[in-house]
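Novice: Let me give you the structure first, and then I'll get to my questions.
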């Protein structure tokens, strides 16, 4: 399934996620950049925490019950987003990332639009996400799409928790 903005749902629960889809590279860039922004820069993927290395090395297993969205320009994967399986009437958006070379083209908005449509189709009442407070551009995008800051469900310092109804 692909929409007009080049967002492809490449994996739904029970379907294969190809190792060639480019997701691992995007996840590696996401996690390496996040660790650097937190002041915990590592030289490469081997220096990341185990849970992040597991996502990068085997996204099929890491996101087995989730929907993985990829943004494509031609055959090049330039963005990703994960929508978790519904839990307690809501889903969570995780790992929104676009290749910095392709930013400013509406890719993140496109991924989020497809994610919100999927969440609505799956019958959840709401979607939540968390974002580091220094990612002001991402926070502004989420707010434009109707997300509001809510009480934190995560104890990590500097993490902003947001939610919206679908």
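Novice: Of the residues 143, 155, which single one is under 22 Å from residue 34 (Cβ atoms) and at pLDDT 95 or above? Show your work before the answer.
Specialist: On the way: 155 fails: at pLDDT 95 or above.
The match here is 143.
Novice: Determine whether residue 70 is within 25 Å of residue 128 (Cβ to Cβ), part of a strand (DSSP E or B) and at pLDDT 95 or above. Walk me through it before giving the result.
Specialist: Details: within 25 Å of residue 128 (Cβ to Cβ): yes; part of a strand (DSSP E or B): yes; at pLDDT 95 or above: no.
It is false that residue 70 is within 25 Å of residue 128 (Cβ to Cβ), part of a strand (DSSP E or B) and at pLDDT 95 or above.
Novice: Out of (1) loosely packed, with under 15 Cβ neighbours inside 10 Å; (2) on the phi < 0 side of the Ramachandran plot, what's the single condition that is false for residue 146?
Specialist: So residue 146 meets the others, but not (2).
Novice: Please work out if residue 132 is at pLDDT below 95 and touching a strand residue (DSSP E or B) at 6+ places or on another chain (Cβ under 9 Å).
Specialist: In short, no.
Novice: Kindly indicate whether any position in the range 101-123 is surrounded by 11 or more Cβ atoms within 10 Å (Cβ to Cβ) and more than 21 Å from residue 80 (Cβ to Cβ).
Specialist: Scanning the range 101-123 turns up no residue that is surrounded by 11 or more Cβ atoms within 10 Å (Cβ to Cβ) and more than 21 Å from residue 80 (Cβ to Cβ).
Novice: Of all residues being touching a helix residue (DSSP H, G or I) at 6+ places or on another chain (Cβ under 8 Å) and over 15 Å from residue 121 (Cα atoms) in the range 70-92, which is surrounded by the most Cβ atoms within 10 Å (Cβ to Cβ)? Just the residue, please.
Specialist: Filtering the range 70-92 for residues that are touching a helix residue (DSSP H, G or I) at 6+ places or on another chain (Cβ under 8 Å) and over 15 Å from residue 121 (Cα atoms), the one surrounded by the most Cβ atoms within 10 Å (Cβ to Cβ) comes out as 80.
Novice: Of all residues in the range 34-65, which are in a loop (DSSP other than H, G, I, E, B) and either under 17 Å from residue 82 (Cβ atoms) or in contact (Cβ under 8 Å) with a residue 12 or more places away in the chain (or both)?
Specialist: 38, 44, 48, 58, 63, 64, 65
The values are calculated or read from the model by the stated rules, or taken from the named source; none is laboratory data. As the structure is a computational prediction, the values presented were derived from the model and not from experiment. Neighbour counts run over all protein chains shown; Cβ positions are idealised from the backbone, glycine included.
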